Each structure stands twice: as structure tokens, then as C-alpha cells.
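Chemist: Take this structure first; my questions come after.
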Amino acid sequence: MVKKENPIAEVDEDEEDFDEDEEEEEEEEEPVDSQSRMRDERAKMEGFLRRMSSERVPLRVHDVIIKGNNKTKESLIEAEVQALKTATSVQELLQAATIANARLQKLDIFDSVNVTLDSGPPDLPGTSNVIVEVVESKNPITGDIGIFTKPEARSWSVEGSLKLKNMLGYGDIWDGSLSYGWDQTSEVSTGVALPRFMKLVNPVMARVSLLSQDWLKFSSYKEQAMGLSLGLISTRKHDLAYNLSWRTLTDPSQRASVSVRRQLGHNLLSHLKYTFKIDKRNSPLRPTRGFAFVSTSQIGGLFPDYRSVRFIRQEFDLRYALPLGFARAALNFGVAGGAVFPWGSGFLTTSVSLPDRFFLGGNSSPVCTLGGPTSLLGFKTRGLGPNEPRREIQDKSNNESGSDTCPERDFLGGDLAVTTFADLSFDLPLKVLRDSNIHGHAFACAGSLVKLTENSFRDLSFQKYKDSFRSSAGFGLIVPTKLFRMEVNYCYILRQHEHDRAKTGVQFSFSSPL
């Protein structure tokens, strides 16, 4: 019997051999094809980049896709990335995506934010889809605590805060803070901040606080205030807030001067405060170029109550940093001023409430304290300006001889304040100090604080105002850190008045740029 061969099997074997040969040829050609595709893609990308740099590339956004918002309301994210939908070119879309990323990060409720640009539907050429992917904070509760000191005032304080983020899903941040200072200030407050409230574009902040300040050592009074503050507008340059507080001034020592005793009691503080700020300096801790300007306006007495204190207060602060071109040297100089006046019937014979006046002194660096006339190196806190002797207390141990103790004085503040300074900073020759940004400086500053209310302006002449200026100069070592700026200075008092609290010698200073 003859066995027939299967032709189909033979054909299959031949086809398998042919397929294997084709696969080997494709494997040999595949590296060549991949390299050519890479070259084509690179050429396309280079051409696209050249086109973007030389001409406007039209493009519109088809859709914005939001991912990862398990708790956060989608409307909040859409409001922050609204500019993406109006982009009409690739350049505008890239710029809008960068701004949207920064705005979402600023909400402080996400661990990460990623904005991706993808191509639109195939049937809609010239479109793009934007994918906004967020990662919500894993731990919505944060807190911190710290101990702070003010060597010039010989005071210590413990401060702590607790924050609860995005509890309602509207980007809301609830916080409570506690500050307790030995012999000076204590504060308990709680508040909430909403990045968008209803249809308002600007964030809204509300805060309830209970404040206690001890000024017995300086002005023989204690201040307690319970109030509510509302932040109405808060942007990079503009800030508008309203404050309503019930304030009480007391004198537990029973030694206050006549002017302070007239201020004791209750009053209602209701004021609107507007701040305009622009800061173009390259650093708030060690500025070497740029300028900064702050203007603060307040009007008090808006609440219709006879106990409401009525005043108008205006402050300004101007700084400028000029690089000198050697050893990272820079000259910082600035001038700050402010005035406060009462308003209403009989305002010419009325005085401004004691806590609302200007006070000068303290060892805080004038380079960092941007906001108004406050600091004057070499002079202690509330250490200059109009003052009165306190009530005398007889010394019982010397009662038989009839001698009395020398009365101390209460500093009353002023209605017109001006400060100015010049600061020359420079690198030190040691490399280890330069690497740590530790540097030296020399400074000079001057300031004046006078009273204008209760018809005092009638007795103020140009010569008297010129004589009211105090001044100091010195040099020191500066140690800047990420949180604060520490200075060790030798201050020499150039000019002071009889009852000023000033001292020539070595002084320590801690300043914060916030």
C-alpha cells in the first residue's frame, strides 16, 4: 500500500518557513525604523518649538478634566482654573496652566497639583484637553508650637496653633491659636478663611479673639480686648479689613500718671483698615537691590455709639536697596512716617485713645520691620516721646526721714511719628561666614515723636520739631536664618532727651520678615 503525502501539510511548512524569514527581516529592520521615528519626532518637536518662539500658535481648550478631588468641591477648582478656558493659543495656555497650578497650591489643601495638556478629540483639530489632577492632604490637621523671646523687652512667650483644612470642601481653613507671654501679651483666637465666598472673587476671613496686653512697665496700663475681625479683600498688593472690639484699659498698680488715668475705662473700637503693599526687593532678610512701599490707612468710629473711639490714622514706609558692586555690599535706606487725629465734634480739644497712638523704640531691625514708624535702635521699647511722671509712692522704710522715691514715668505716645535709617551691609573676609550668609553692617537711624492733639500743635514750631529728633549709630554682626534675622549690635546713642530710655552698648535683636 502506498502512503499519500499530505500537500496541505507541505504548504503549511513552507509558509511557516516563509513567516520565520519575514520575522527575521522585520527584526533586522526594526532598529532602523525606530531610529528614524525618533529622528522624525525630534524634528517635529524642534519645529514646533521654533514655531512657538517665532509666532503665535492658535489653540483652544475643548474641556477641563478634574481628577482626585474626593472631598473638595469641583466648583472651587473650576473657579481657580477659569483662565484655562479662555486661552486662544499654546503660549497663553502654558502661561494659564502655570498660574492655575500656583493658585491651587496656594489654597494649602493639596499635597500636590499636576496640570497636564493633552490633545483634544480627533474630529476637532486645533483643540486641547486640560487635565487637572490634585492629591488632597492626607492629614487635614496640622499644628505647631514655639517659644519666642524679645531681649529688648525682656519678655518670653509661648505660641501654638492648630489648623483644620478643607472640612467643608470649600478650601476652608479653620484655625485656633494661643499665645501666652510672660509679663506682656496673651491672646486666644479662632478663625476661618474661605478662598471664595459665594460670588466674591477675593478670599474672606473671619476671626474672633480675646487679647490681653500688659504695658504696666512702660505706660502703667493693661489692655483687654474682645473682638471680631473680617478680612474683606486680600490680594498680593491690597488688603481691606474691618475690626469691631470692646476694649478695656485698667491700672492694677494704681500708679498711673494723670494722662493715663483719663484714658482708663471702656471704649468701642470699630475701624476699617486698608493696606497697600509692594515689595520688589530681592530678599526680606538681606536685601541688596530693589524697593518696597507700604501705605496703611485707618478710620475708626464707624459704629454709631457714644463710646466708639473716632480717629483717622495714616502711615507709610518706603525702603530702597542699592548694590555697591563689591563684597556683596549694599546700602539700605528708608523713611517711615505716620499721623493720627481724632474726628467729630470738638476734635481740636480731644486726644486720641492711648492704644491707637504711635510709640517708638525697640531693637527690631529697621531693615526687616516694614510697615510704619516703630523701630529705633538703641532705644528701649516705648522708650522715647511725650511722657509724664507716675503717681509718687512714699517709701515706708524712709518714712521718718520724709524722703520719697524718685517717680518713674509713663510714656504716652504721640500723634506724629517719623523715623529714618541707613544701613550698609557687607560680606566678612572669612569664607565659612560668607558660605553661611553671616555678614556685618554699620547703621545710623533717627526718629521723632510729638503730640499734636489737645491744641498742642499751636506750640510746635520748626525749631522745636527739629529738636525732637533722637539718633543713634553703630555696627554689628548679622546671622540670617530661614525664620528670623539675629543681630548682635554695638549701639551708640548720638542724641537723646532727658527722660528717654536709651543705652550705649551691646544689644541683641531678633527680627522676622513676616
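Chemist: Filter the range 336-375 down to the residues that are under 18 Å from the mean Cα position of the chain (by Cα) and more than 25 Å from His499 (Cβ to Cβ) and list them by number.
Modeler: Passing the criteria: Ser365, Val367, Cys368, Leu370, Gly371.
Chemist: Filter the range 237-291 for residues that are open to solvent by 20 Å² or more (accessible area, probe 1.4 Å), of a type in the set (A, V, I, L, M) and not in a strand (DSSP E or B) and give the result.
Modeler: Val258, Leu264, Leu285
Chemist: Also, quick follow-up: Any residue in the range 86-98 that is within 25 Å of the chain's Cα centre (by Cα), open to solvent by 50 Å² or more (accessible area, probe 1.4 Å) and modelled with pLDDT of 85 or more?
Modeler: yes
Chemist: Within the range 46-74, how many residues turn out to be modelled with pLDDT under 85, loosely packed, with under 14 Cβ neighbours inside 10 Å and not in a loop (DSSP other than H, G, I, E, B)?
Modeler: 9
Chemist: Does the range 157-195 hold any residues that are within 18 Å of Leu230 (Cα to Cα) and among the small types (Gly, Ala, Ser), and which are they?
Modeler: Hits for the range 157-195 are Gly171, Gly176, Ser177, Ser189, Gly191, Ala193.
Chemist: Can you tell me which condition Asp111 does not meet? The list is (1) part of a helix (DSSP H, G or I); (2) within 25 Å of the chain's Cα centre (by Cα), and all the others hold.
Modeler: With respect to (1) part of a helix (DSSP H, G or I); (2) within 25 Å of the chain's Cα centre (by Cα), Asp111 is out only on (1).
Chemist: Another question, if that's okay. Identify, please: which residue in the range 299-345 is of a type in the set (Lys, Arg) and over 30 Å from Leu424 (Cβ atoms) and is, among those, surrounded by the most Cβ atoms within 10 Å (Cβ to Cβ)? If you could, list the steps in order and put the result at the bottom.
Modeler: Applying the first criterion (of a type in the set (Lys, Arg)) to the range 299-345 yields 307, 310, 313, 319, 328.
Subset that is over 30 Å from Leu424 (Cβ atoms): 307, 310, 313.
Details: Arg307: 12, Arg310: 19, Arg313: 21.
The extreme case among them is Arg313.
Chemist: Could you give every pair whose Cβ atoms fall below 6 Å, whose first residue belongs to the range 439-464 and is of a type in the set (Val, Ile, Thr), and whose second residue is open to solvent by less than 50 Å² (accessible area, probe 1.4 Å), counting only separations of at least 6 or pairs across chains?
Modeler: Val450/Gly414; Val450/Leu416; Val450/Ser468; Thr453/Ser351; Thr453/Val352; Thr453/Asp415
Chemist: Another question, then. Would you mention how many residues in the range 80-108 are assigned to a loop (DSSP other than H, G, I, E, B) and touching a residue at least 40 places away in the same chain (Cβ under 8 Å)?
Modeler: Matching residues across the range 80-108 total 3.
Chemist: Here is a follow-up. Which of the residues belonging to the range 407-421 are in contact with a Pro (Cβ under 6 Å, 6 or more places away or on another chain) and assigned to a loop (DSSP other than H, G, I, E, B)?
Modeler: If the condition is that a residue be in contact with a Pro (Cβ under 6 Å, 6 or more places away or on another chain) and assigned to a loop (DSSP other than H, G, I, E, B), then Pro407, Leu412 are the ones that fit.
Chemist: Could we say that Ile77 is outside any loop (DSSP other than H, G, I, E, B) and open to solvent by 80 Å² or more (accessible area, probe 1.4 Å) here? Show your work before the answer.
Modeler: Values: outside any loop (DSSP other than H, G, I, E, B): yes; open to solvent by 80 Å² or more (accessible area, probe 1.4 Å): no.
Judged against the criteria, Ile77 is not a match.
Chemist: Does the range 114-131 contain any residue that is β-branched (Val, Ile, Thr), closer than 30 Å to Gly176 by Cβ, open to solvent by less than 50 Å² (accessible area, probe 1.4 Å) and in a strand (DSSP E or B)? Break it down stepwise before answering.
Modeler: Here is the first cut: in the range 114-131, the ones β-branched (Val, Ile, Thr) are 115-116, 127, 130-131.
Right, trim to closer than 30 Å to Gly176 by Cβ and you get none.
Checked the range 114-131: no residue is β-branched (Val, Ile, Thr), closer than 30 Å to Gly176 by Cβ, open to solvent by less than 50 Å² (accessible area, probe 1.4 Å) and in a strand (DSSP E or B).
Chemist: Given the criterion farther than 18 Å from Arg382 by Cα and among the aliphatic types (A, V, I, L, M), identify the matching residue among Leu354, Leu360, Leu322.
Modeler: When all the criteria are applied, what remains is Leu322.
The values are calculated or read from the model by the stated rules, or taken from the named source; none is laboratory data. Note that the structure is predicted; figures quoted are calculated from it, not measured. Don't worry about glycine lacking a Cβ; one is built from the backbone with ideal geometry, like all the others, and counts go over all protein chains shown. In case anyone asks, the SASA skips ligands and DNA or RNA and just uses the protein heavy atoms, side chains included. Shrake-Rupley method; radii C 1.70, N 1.55, O 1.52, S 1.80 Å.
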